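Read-outs: derived from the displayed coordinates by stated rules, not from any lab. All figures in this text were calculated on a predicted structure; none of them were measured in a lab. Cβ atoms come from the backbone with ideal geometry, glycine included; neighbour counts cover every protein chain shown.
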Amino acid sequence: MPAQAANRRFGRGHDMSAEENADWLTRVSRELAPALRAIVEGHLESGVPVIIEGDFIEPAFIASFHDPKVRGLFVTEFDVGQITRNFLAREGGGEQVFRAEISVLYGRRLADACKNLGIPTVDSRPWDTAVARAANVLSGNEDAIMA
């Protein structure tokens, strides 16, 4: 199967538009929220720190906690070419442009939600300062590293 055709099967195993794939990602995120909530609440009760990272976490989930111990941020990348290169470097195979387009569309939706909910975002690049910038945002020292 050509790489482009495989990319169109990202969501639920049949042809879907980028918008439909982004909608699917949103639905799955909402379905997973109760399980993630149980994990976070368990760690809040036990006092054991935890970092939850990855796909399927929505800004609304972060905003739903009214505890200063729960913080979140979203790392953004809106360059389809860069995401395509990242997929290729990480996974090999052919170029996954359609999948990268889905990532950008979904990422823009997440960034818009972050803006509306007051949840910080951090640009993925420059990569060599991304971790420090994220740590500064989470620690409340956002102005320490802005480049």
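Here are the numbers for this structure:
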read-out: Label-point separation, residue 123 to residue 52 (7 Å along Cα→Cβ), nm; value: 3.0
read-out: Net charge of Cβ neighbours under 15 Å - reference residue 92; Lys, Arg +1; Asp, Glu -1; value: +1
read-out: Segment residue 132-residue 69, extension gain: residue separation times 0.36 nm, minus the distance between their alpha carbons; value: 20.7 nm
read-out: Fewest-first ranking of 24, 127, using other Cβ atoms within 10 Å as the exposure measure; value: 127, 24
read-out: Rg [Å, one decimal], Dmax [Å, integer] - the chain, C-alpha atoms; value: 16.7, 49
read-out: 5 angstrom amide H check on residue 122, placed H, neighbours 5+ away; value: 74, 75, 76
read-out: Value of [θ]222 nm, deg cm²/dmol, for the chain, DSSP H segments ≥ 4, -39500 (n - 2.57) each, nearest 500; value: -18500 deg cm²/dmol
read-out: Residue among 73, 32, 110 with the largest mean-square fluctuation in a Gaussian network model of the chain, springs linking Cα atoms under 10 Å; value: 32
read-out: Relative contact order, percent, segment 3-139 [alpha-carbon distance under 8 Å, six or more residues apart]; value: 30
read-out: Cβ-derived FRET efficiency at R0 25 Å, residue 115 paired with residue 45, nearest 0.05; value: 0.20
read-out: Choice from 126, 68, 59 with maximal GNM fluctuation in the chain (Cα, 10 Å cutoff); value: 68
